[in-house]
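Just so you know, all these numbers are worked out from the coordinates, no wet-lab data involved. This is a predicted model, so every value here is computed, not measured. For neighbour counting, all protein chains shown are included, and Cβ atoms are generated from backbone atoms with ideal geometry for every residue, glycine included.
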C-alpha cells in the first residue's frame, strides 16, 4: 500500500485490521477513511451528485475568468485533465507550490540545481543537510526511511559512522535535537551568513561567523563524493527570493565535492503538478493560459486579492484554512467549486461541493514523489467518482 | 523521570531488618527497581503505621513500574508521531532484518521488538531486546533518537 499523507509516499504500509508502518498522520488517513467525508452540495444544501455536477458545469461554462487551484493531493492523471480544462477555458492555473517550494522545483527542472533521488541518498549520502525544515513533524519518516538512519549501498553502518547530519534552523526544533554524534546543529539568524561562511572557507579564508562549524562541514563534505541538502521553507524565506547566491554556493561546493538538492515539500503530488505544467508551458505554477505567461500576479492568492477572477475550481485543498483570512474571505465574492474527498472549511462556503474518492486509498493513478520518482498508487478500496472522472466530465460539459 | 535506587532507599525503613531476604535496604531498593522483588515484600513498611506517609510516597514513586515492560521501557503513545527512528536504529533489528527495518522500511520479520501500529509505536516482542534477561546490555539507541521523549527507560 502507498500512503499519500505526505511527499514521502511510503510504500510499505500494511492494512490488516490496523495500519502498520505508517506514521501518525499517514495512519490517520487510513483509519478514518470514512469519517468527515464531503457530500454533494449546492449553496450548503445536500443534493444529488448529478445535480451538483450540472451546477458546476454551469459555473465553469458561464465563467469569463476562471482559476483552477489546488491539485497537489490528486493524481497526475487528474492534474493532466485539470490543465486541459484550464487551457480550454483560457484560465489561470496554480497550486500550493507558489507559496511553498515551487521555486526550488523550478530550479531543479531547469537543471540549475543538481538533484538526485531519495533512494540514491539512502545508498550513498554522507553529509545530510536539513535546512530550514523540521522534518520530524512535517515528513515524519523522512529521516528513518531515506536519509540519516537507514543503512544501504555504500553506507552500511548507517547513522553511527557513515552519515553526518547538519541541521540548520532558526530554533532548536525536534529535528535539531537529533543532531548529536556525527552531527551539527547550526542556529542561524540569517541563512545568507552561513552560506557566506562556507564560501569563505572554500576560498581558504577564515569566516567571522560560524568559523568552527563551517570548517568542519566543508571538511566532512570533502570526505565523501555524495552530499545532499534537504531544503525546506525556512531556506526559501532565508534566501529572501534571491536564489543566485544559493546557486553560486551549490556550484562552488560542487567544484570540490558533490552536493545535491532535494526540496522537503509536504504535498504528496506537488512535484507532479510542477513537472506536468513545466512540460506543457515551461513554467511550474502561477500560469495564465490567456496571457500565456507565468508570474507573481497570477498566483491564486494574488488573483483573489486583486479581484481578477469570477470563479474558482478548487481541487483537494482548503484555501479558507490555509490562506490568510483577509484573502480567503474574498472567496465569498466569487463562484467556487470544490472537489474534495473530505468536509473542510472551504466546503462550508463553496457554491458547489463535489465529493471524490481519496487518491491512493480509493482510486489508483500515478503520483510523483518530491525527488521526481514516479509512484504507482495501490488502492485497497473502490469508490467512484474520482478526481479524473469528475474533471473529465466538467471538461466535456465545457 | 527515571527512578533511582537512592530515591527508593530514602523512603524505605532503612533498618536493614532482612525480613525481605536481602542483607540491606539498599540492595532491596536495587532489586525493586530491577523488578526482581516486589515492594510488598518489605513487610515492616506495610505493617508499621510509622511508615504510612513514606509508604504512600513510595507507592506513588513506583507507579511507572507497572506500565514499564520487562526491560524498563516505557512508551508514551501520546508523544509519539511515528517517525520510526527507534525501529531503524535498533541494533537487533539491524542484525535480524537487514532488508527491512535496517534499510528504513517497516520491519519484515514477524516478531520485531517494536513496530508502528495505527501511527504510534507498539512493543511486540520485548524478549529480543538487548536489555532483556540476565546478561543484559543497557542499550539506549531507541531513546537517544526519540526527540519527543516518547521513549523512556525506568533507570534513565
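The table below lists the values:
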| quantity | calculated |
| --- | --- |
| Euclidean distance of C-alpha centroids, segment B:37-112 and segment A:22-87, integer Å | 46 Å |
| Degrees separating the helix A:270-281 axis from the principal Cα axis of chain A, which is the longest one | 70 degrees |
| Length-normalised contact order for chain A - Cα pairs under 8 Å, 6+ apart - percent | 26 percent |
| Global geometry of segment B:5-67, whether rounded, prolate or oblate, following the gyration tensor of its Cα atoms and the 1.5 cut on a/c | oblate |
| Anisotropy class of segment A:102-263 from Cα gyration tensor, a/c 1.5 cut | rounded |
| Estimated FRET transfer efficiency when R0 is 25 angstrom, pair residue A:329-residue A:43 (beta carbons, to 0.05) | 0.90 |
| Whole-Å distance, taken between Cα centres, linking segment A:96-144 and segment A:379-398 | 31 Å |
| Gaussian network model of chain B, Cα within-10 Å springs - most flexible of B:122, B:134, B:19 | B:134 |
| Gap separating the Cα centres of segment A:157-189 and segment A:287-301, nearest whole Å | 39 Å |
| Peptide B:109-120, shielding by other chains (average Cβ, 10 Å cutoff) | 4 |
| Over chain B, relative contact order from alpha-carbon pairs under 8 Å, at least 6 apart, % | 24 percent |
| Ascending count of other beta-carbon atoms within 10 Å, so fewest first, for A:117, A:133 | A:117, A:133 |
| Folded to 0 to 90 degrees: helix B:52-61 orientation relative to chain B principal axis, Cα | 10 degrees |
| Exposure proxy order (Cβ contacts within 10 Å, fewest to most) of A:167, A:320 | A:320, A:167 |
| Order of A:371, A:242, A:119 - criterion: other Cβ atoms within 10 Å of each residue's Cβ, fewest first | A:242, A:119, A:371 |
| Shielding by partners, peptide B:72-83 (average Cβ within 10 angstrom, other chains) | 3 |
| Residue-averaged beta-carbon neighbours from other chains (10 angstrom radius) around A:138-147 | 5 |
| Segment B:5-67: relative contact order as a whole-number percent, Cα under 8 Å and 6+ apart | 32 percent |
| Rounded if a/c under 1.5, otherwise prolate or oblate - segment B:73-153, Cα gyration tensor axes | oblate |
| C-alpha long axis of helix A:387-397 to longest principal axis of chain A, angle in ° | 50 degrees |
